[in-house]
1. Go through region 25-39 residue by residue and turn each phi into a ³J(HN,Hα) via Karplus (6.51, -1.76, 1.60, θ = phi - 60°); whole Hz please, and just put x for glycine and proline.
2. So how much slack lies between Arg46 and Lys88, counting 0.36 nm per residue of separation and subtracting their Cα-Cα distance, in nm?
3. Please calculate the 1.4 Å probe accessible area of Ile161, with all protein chains present, and give it to the nearest 10 Å².
4. Aspartates and glutamates near Lys69 by alpha-carbon distance under 17 Å, same-chain residues fewer than 8 away left out - which ones?
5. Leaving out ligands, DNA and RNA, and with a 1.4 Å probe, what % of the accessible surface on region 165-214 is carbon or sulfur?
6. Assuming 0.692 mPa s and 37 °C, estimate D for the chain with Stokes-Einstein, Rh taken as the Kirkwood radius over Cα pairs, in µm²/s.
7. Please sort by residue number the GluC sites (Glu not before Pro) in region 42-106 whose DSSP state is loop and whose Cβ has at most 10 other Cβ atoms within 10 Å.
8. Please report, to one decimal in angstroms, the Kirkwood hydrodynamic radius of region 112-235 built from all distinct Cα-Cα pairs.
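The values are calculated or read from the model by the stated rules, or taken from the named source; none is laboratory data. Because the structure is a prediction, the values reported are computed rather than measured. Cβ: placed from backbone, ideal geometry, glycine included. Neighbour counts: every protein chain shown. All accessible areas refer to the heavy atoms of the entire protein, side chains included, with ligands and DNA or RNA removed. Shrake-Rupley method; radii C 1.70, N 1.55, O 1.52, S 1.80 Å.
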Amino acid sequence: MCGRYASTRRDDELADQYRVDQILGEAPGPSWNVAPTDPVRIVLERVEDERPQRQLRTVRWGLVPSWAKDPGVGARMINARIETVTEKPAFRKAAARRRAIVPMDGYFEWQKTPARKVPYFLTAADGAQHGLAAAGLYELWPDPSRPADDPARWLWTVTVITRSATDALGHIHDRTPLLLPPALWDEWLDLGTTSTDDVRSLLDAVPEPHLLPREVGPAVGNVRNNGPELVAPAG
(Lines give C-alpha, C1' and ligand atoms only; values in the text may rest on other atoms or scores of the structure.)
Protein backbone atom coordinates (compact mmCIF):
# COMPACT_ATOMS: atom_id res chain seq x y z
CA MET A 1 0.00 0.00 0.00
CA CYS A 2 0.93 3.64 -0.14
CA GLY A 3 0.19 5.32 3.18
CA ARG A 4 2.73 8.15 3.41
CA TYR A 5 4.49 10.29 0.85
CA ALA A 6 6.33 13.58 0.39
CA SER A 7 5.04 16.47 -1.72
CA THR A 8 7.01 19.70 -1.56
CA ARG A 9 6.89 21.27 -5.03
CA ARG A 10 5.24 24.66 -5.56
CA ASP A 11 2.08 25.15 -7.58
CA ASP A 12 3.95 26.89 -10.39
CA GLU A 13 6.32 23.94 -10.72
CA LEU A 14 3.46 21.44 -10.86
CA ALA A 15 1.47 23.59 -13.27
CA ASP A 16 4.44 23.80 -15.64
CA GLN A 17 5.26 20.10 -15.43
CA TYR A 18 1.69 18.91 -16.04
CA ARG A 19 0.65 21.72 -18.42
CA VAL A 20 -2.14 22.87 -16.14
CA ASP A 21 -4.77 25.34 -17.38
CA GLN A 22 -6.30 26.25 -14.01
CA ILE A 23 -4.98 26.33 -10.45
CA LEU A 24 -7.89 26.03 -8.03
CA GLY A 25 -8.15 26.11 -4.25
CA GLU A 26 -5.59 26.87 -1.59
CA ALA A 27 -2.31 24.99 -1.79
CA PRO A 28 -1.76 22.73 1.22
CA GLY A 29 1.90 23.70 1.38
CA PRO A 30 4.99 21.48 1.35
CA SER A 31 4.89 18.28 3.37
CA TRP A 32 7.49 15.57 3.88
CA ASN A 33 4.96 13.36 5.66
CA VAL A 34 1.62 13.42 3.82
CA ALA A 35 -0.80 11.12 5.65
CA PRO A 36 -4.33 9.79 5.00
CA THR A 37 -7.11 12.42 5.20
CA ASP A 38 -4.58 15.24 4.59
CA PRO A 39 -5.34 17.84 1.89
CA VAL A 40 -3.28 17.10 -1.22
CA ARG A 41 -2.79 18.53 -4.69
CA ILE A 42 -3.93 16.46 -7.70
CA VAL A 43 -4.03 16.99 -11.47
CA LEU A 44 -7.24 16.19 -13.35
CA GLU A 45 -9.32 17.25 -16.32
CA ARG A 46 -12.86 18.67 -16.20
CA VAL A 47 -15.08 20.24 -18.83
CA GLU A 48 -15.28 23.99 -18.20
CA ASP A 49 -16.78 26.45 -20.70
CA GLU A 50 -17.55 23.51 -22.99
CA ARG A 51 -13.95 22.33 -23.30
CA PRO A 52 -11.57 20.18 -21.26
CA GLN A 53 -9.48 22.08 -18.74
CA ARG A 54 -6.51 20.55 -16.96
CA GLN A 55 -6.74 21.58 -13.32
CA LEU A 56 -4.56 21.53 -10.23
CA ARG A 57 -6.89 21.08 -7.26
CA THR A 58 -6.71 20.45 -3.54
CA VAL A 59 -8.65 17.39 -2.38
CA ARG A 60 -8.66 15.11 0.66
CA TRP A 61 -6.69 11.87 0.55
CA GLY A 62 -9.06 8.95 1.08
CA LEU A 63 -11.81 8.41 -1.47
CA VAL A 64 -15.43 8.86 -0.39
CA PRO A 65 -17.88 7.36 -2.92
CA SER A 66 -20.79 9.61 -3.87
CA TRP A 67 -23.22 7.11 -2.33
CA ALA A 68 -21.45 6.87 1.03
CA LYS A 69 -23.53 7.78 4.08
CA ASP A 70 -20.53 8.97 6.06
CA PRO A 71 -17.36 10.67 4.72
CA GLY A 72 -15.38 8.84 7.39
CA VAL A 73 -15.14 5.82 5.08
CA GLY A 74 -12.48 7.70 3.14
CA ALA A 75 -9.85 6.91 5.76
CA ARG A 76 -10.11 3.27 4.68
CA MET A 77 -9.93 4.02 0.95
CA ILE A 78 -6.58 5.72 0.53
CA ASN A 79 -5.58 3.01 -1.97
CA ALA A 80 -7.35 1.10 -4.74
CA ARG A 81 -5.92 -2.19 -6.02
CA ILE A 82 -5.23 -2.27 -9.75
CA GLU A 83 -6.53 -5.83 -9.94
CA THR A 84 -10.09 -4.84 -8.97
CA VAL A 85 -10.30 -1.07 -9.50
CA THR A 86 -12.60 -1.38 -12.53
CA GLU A 87 -14.91 -3.82 -10.71
CA LYS A 88 -15.40 -2.68 -7.12
CA PRO A 89 -18.45 -0.41 -6.61
CA ALA A 90 -16.38 2.13 -4.66
CA PHE A 91 -13.98 2.72 -7.55
CA ARG A 92 -15.38 1.56 -10.91
CA LYS A 93 -17.26 4.74 -11.84
CA ALA A 94 -14.29 6.90 -10.90
CA ALA A 95 -11.99 4.62 -12.91
CA ALA A 96 -14.14 5.25 -15.96
CA ARG A 97 -14.68 9.00 -15.61
CA ARG A 98 -12.65 10.58 -12.79
CA ARG A 99 -8.99 9.73 -13.14
CA ALA A 100 -6.25 11.91 -11.69
CA ILE A 101 -2.51 12.20 -11.16
CA VAL A 102 -1.16 12.52 -7.62
CA PRO A 103 2.25 14.26 -7.75
CA MET A 104 4.80 12.93 -5.27
CA ASP A 105 8.45 13.63 -4.54
CA GLY A 106 8.62 10.03 -3.35
CA TYR A 107 6.79 7.71 -0.97
CA PHE A 108 7.48 5.72 2.19
CA GLU A 109 7.21 2.00 2.86
CA TRP A 110 8.15 -0.12 5.85
CA GLN A 111 10.07 -3.37 5.51
CA LYS A 112 9.24 -6.01 8.11
CA THR A 113 12.32 -7.53 9.78
CA PRO A 114 12.54 -9.87 12.78
CA ALA A 115 13.55 -6.95 14.99
CA ARG A 116 11.40 -4.06 13.71
CA LYS A 117 9.81 -2.32 10.73
CA VAL A 118 12.42 -0.39 8.76
CA PRO A 119 11.20 2.73 6.89
CA TYR A 120 12.37 3.46 3.34
CA PHE A 121 11.85 6.46 1.08
CA LEU A 122 11.45 5.53 -2.59
CA THR A 123 12.21 7.96 -5.40
CA ALA A 124 12.83 7.85 -9.15
CA ALA A 125 15.93 5.79 -9.90
CA ASP A 126 16.65 7.54 -13.21
CA GLY A 127 17.55 10.82 -11.58
CA ALA A 128 14.34 12.56 -12.63
CA GLN A 129 14.00 15.95 -10.98
CA HIS A 130 10.23 16.10 -11.11
CA GLY A 131 9.24 13.33 -8.74
CA LEU A 132 6.65 10.63 -9.31
CA ALA A 133 3.22 10.75 -10.95
CA ALA A 134 0.95 8.29 -9.14
CA ALA A 135 -2.26 7.19 -10.83
CA GLY A 136 -5.28 8.19 -8.79
CA LEU A 137 -9.08 8.37 -8.88
CA TYR A 138 -11.15 11.21 -7.49
CA GLU A 139 -14.75 11.51 -6.34
CA LEU A 140 -17.23 14.17 -5.24
CA TRP A 141 -19.36 13.47 -2.18
CA PRO A 142 -22.49 15.60 -1.57
CA ASP A 143 -22.83 16.68 2.06
CA PRO A 144 -26.53 16.21 2.86
CA SER A 145 -26.34 18.81 5.65
CA ARG A 146 -25.64 21.63 3.17
CA PRO A 147 -28.01 23.26 0.66
CA ALA A 148 -27.86 22.05 -2.93
CA ASP A 149 -26.60 25.43 -4.15
CA ASP A 150 -23.79 25.65 -1.58
CA PRO A 151 -20.37 25.24 -3.32
CA ALA A 152 -18.99 23.83 -0.07
CA ARG A 153 -21.50 20.97 -0.30
CA TRP A 154 -19.11 18.92 -2.39
CA LEU A 155 -16.25 17.06 -0.73
CA TRP A 156 -13.47 16.23 -3.22
CA THR A 157 -11.41 13.13 -2.36
CA VAL A 158 -8.78 10.94 -4.02
CA THR A 159 -7.34 7.43 -3.82
CA VAL A 160 -3.97 6.15 -5.09
CA ILE A 161 -3.99 3.02 -7.26
CA THR A 162 -1.51 0.31 -6.20
CA ARG A 163 -0.01 -2.73 -7.88
CA SER A 164 2.17 -5.69 -6.88
CA ALA A 165 5.76 -4.70 -6.25
CA THR A 166 8.46 -6.57 -8.16
CA ASP A 167 12.17 -6.30 -8.81
CA ALA A 168 14.09 -4.55 -6.04
CA LEU A 169 10.94 -3.25 -4.35
CA GLY A 170 9.36 -6.57 -3.54
CA HIS A 171 11.63 -7.24 -0.58
CA ILE A 172 10.55 -3.97 1.06
CA HIS A 173 6.79 -4.20 0.58
CA ASP A 174 4.49 -6.26 -1.63
CA ARG A 175 2.60 -3.25 -3.04
CA THR A 176 3.66 -0.06 -4.79
CA PRO A 177 1.78 2.92 -6.26
CA LEU A 178 0.91 2.70 -9.94
CA LEU A 179 3.38 5.23 -11.35
CA LEU A 180 2.69 6.83 -14.71
CA PRO A 181 5.52 7.70 -17.12
CA PRO A 182 5.13 11.10 -18.86
CA ALA A 183 4.12 9.38 -22.11
CA LEU A 184 0.91 8.13 -20.45
CA TRP A 185 -0.17 11.28 -18.59
CA ASP A 186 -2.42 12.59 -21.37
CA GLU A 187 -4.03 9.20 -21.96
CA TRP A 188 -4.69 8.70 -18.26
CA LEU A 189 -6.43 12.07 -17.93
CA ASP A 190 -8.28 11.86 -21.28
CA LEU A 191 -12.00 12.46 -20.69
CA GLY A 192 -12.79 10.53 -23.86
CA THR A 193 -11.72 7.23 -22.29
CA THR A 194 -14.78 5.93 -20.44
CA SER A 195 -15.20 2.23 -21.21
CA THR A 196 -14.05 -0.33 -18.67
CA ASP A 197 -12.16 -2.27 -21.34
CA ASP A 198 -10.23 0.81 -22.46
CA VAL A 199 -9.37 1.74 -18.88
CA ARG A 200 -8.19 -1.81 -18.19
CA SER A 201 -5.99 -1.70 -21.29
CA LEU A 202 -4.53 1.58 -20.11
CA LEU A 203 -3.83 0.18 -16.65
CA ASP A 204 -2.15 -2.88 -18.17
CA ALA A 205 0.05 -0.64 -20.34
CA VAL A 206 1.74 1.08 -17.37
CA PRO A 207 5.31 -0.24 -17.13
CA GLU A 208 7.01 -1.41 -13.98
CA PRO A 209 8.61 1.46 -12.05
CA HIS A 210 12.35 1.79 -11.54
CA LEU A 211 12.80 3.27 -8.09
CA LEU A 212 15.66 3.94 -5.72
CA PRO A 213 14.90 2.98 -2.09
CA ARG A 214 16.89 4.45 0.78
CA GLU A 215 16.53 3.69 4.45
CA VAL A 216 15.38 6.65 6.54
CA GLY A 217 14.91 7.27 10.24
CA PRO A 218 11.91 6.12 12.30
CA ALA A 219 10.57 9.66 12.86
CA VAL A 220 8.38 9.42 9.75
CA GLY A 221 6.22 6.90 11.59
CA ASN A 222 4.71 9.73 13.62
CA VAL A 223 2.30 11.86 11.55
CA ARG A 224 3.09 14.88 13.73
CA ASN A 225 6.68 14.93 12.46
CA ASN A 226 7.40 16.92 9.31
CA GLY A 227 10.48 18.34 7.67
CA PRO A 228 13.22 17.48 5.14
CA GLU A 229 15.06 15.41 7.73
CA LEU A 230 12.40 12.69 7.26
CA VAL A 231 13.71 11.86 3.78
CA ALA A 232 17.40 12.03 4.73
CA PRO A 233 19.35 8.74 4.74
CA ALA A 234 19.39 6.93 8.08
CA GLY A 235 22.58 6.89 10.08
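1. x, 7, 5, x, x, x, 9, 9, 8, 5, 10, x, 6, 6, x
2. 12.8 nm
3. Ile161 has an accessible surface of roughly 0 Å² with all protein chains in place.
4. Glu139, Asp143
5. 52 percent
6. 181 µm²/s
7. Glu50
8. When all Cα pairs of region 112-235 are included, the Kirkwood radius is 17.6 Å.
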